[in-house]
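Beneath this line is the structure, given in structure tokens, with notes to follow.
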Amino acid sequence: MGVLENKARARTFYKYLSKVYDQINPFIWDERMRDEAIDMLGLESDDRVLDVGCGTGFATEGLLEHVDTIYGLDQSPHQLSKAFQKFGKHGRVHYHMGDAERLPFQDDSFDHVWSSGSIEYWPNPVDALEECRRITKPGGKVLIVGPDYPNSTVFQKMADAIMLFYDEEEADRMFREAGFDAFEHHIQQSRPGSPRAITTIAEVPE
Ligand SMILES: C[S@@+](CC[C@H](N)C(=O)[O-])C[C@H]1O[C@@H](n2cnc3c(N)ncnc32)[C@H](O)[C@@H]1O
């Protein structure tokens, strides 16, 4: 397990990274990739959507172009405070400080659940995916963006030491174990040579 697949360490990491997150983020996860992934959801303006690991609100901002209001959850108070600065504390975004592995919502609460760039920090990703499935209405979509497993052995060793990087086979296993049977993966990349994202869109069984 990578050093950042630990909730306390990830929280400390984001205490510092939150200061520069919005400057660094676009090099690996940019607006084009985000918007391409959002389009996979086919959102309606009155859909109830949760952004798990919303951070400073980069994806939240894109989602707000499609829905009237959104729910954002993150375990880092420092990341959330950056999001408050962008969207206000009591505006179109309803914030929750919490853990992806124990989502504070009732079953079938959301039309769709989104999470970008957060799964790699979850110590028990299958538990969190089960939570995403539990709180999404049957027929709704769960969309998860994570880091694709690198091809080179050197980068694989570095990646494994830091956090969860996974390929399509591993994604198949995690989503199946979490109770999904219909899903597809899309590989996304900002530009040739930059790190790839693996974006999975899964349908919640009826
Ligand atoms: C790389 S940022 C992604 C932010 C945003 N979703 C985006 O697309 O830019 C990862 C976020 O996941 C959050 N996170 C990590 N582990 C978490 C957990 N167990 N529960 C909730 N949030 C978590 C971090 O605090 C951080 O804000």
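Where a number appears in this text, it was derived from the coordinates with a stated rule and is not lab data. Everything quoted here is computed from the prediction, not taken from an experiment. Here Cβ is always computed from backbone atoms with ideal geometry, including for glycine, and neighbour counts include all displayed protein chains.
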Ordering 189-196, 40-47 by per-residue average of other C-beta atoms within 10 angstrom, highest first, gives 40-47, 189-196
Considering only DSSP beta bridges whose two residues both sit in the stretch 7-190, what percent are antiparallel, to the nearest 5? 5 percent
Residue among 139, 112, 123 farthest towards the positive dipole end of the stretch 76-195, charges placed on Cβ: 112
How would you classify the chain from its alpha-carbon gyration tensor, with a ≥ b ≥ c the square roots of the eigenvalues: rounded for a/c under 1.5, else prolate if a/b is greater than b/c, otherwise oblate? rounded
If each residue of separation counts as 0.36 nm, what is the full-extension length gain between residue 84 and residue 194 once their alpha-carbon separation is subtracted? 36.6 nm
Report the calculated FRET efficiency for residue 32 and residue 126 (r = Cβ-Cβ distance, R0 = 35 Å), to the nearest 0.05. 0.70
Over the chain, what is the mean sequence separation of C-alpha contacts under 8 Å (at least six apart), divided by residue count, expressed as relative contact order in percent? 23 percent
Lysine pairs in the chain with alpha-carbon atoms under 21 Å apart, 8 or more places apart or on different chains: how many are there? 9
Hey, with R₀ at 30 Å, roughly what FRET efficiency would residue 65 and residue 19 work out to, going by the Cβ-Cβ distance, to 0.05? 0.70
Sticking with the crude label model, points 7 Å out along Cα→Cβ, report the distance from residue 44 to residue 173 in nm, one decimal please. 3.8 nm
Applying a 10 Å radius around every beta-carbon, put 113-123, 22-32, 93-103, 71-81 in order of their mean neighbour count, most first. 113-123, 71-81, 93-103, 22-32
How many nm is it between the label spots at residue 7 and residue 187, if each spot is 7 Å from the Cα in line with the beta carbon? 3.4 nm
What does the charge dipole of the chain about its Cα centre add up to, to the nearest 20 debye, if the Cβ of each Lys and Arg holds +1 and the Cβ of each Asp and Glu holds -1? 1120 debye
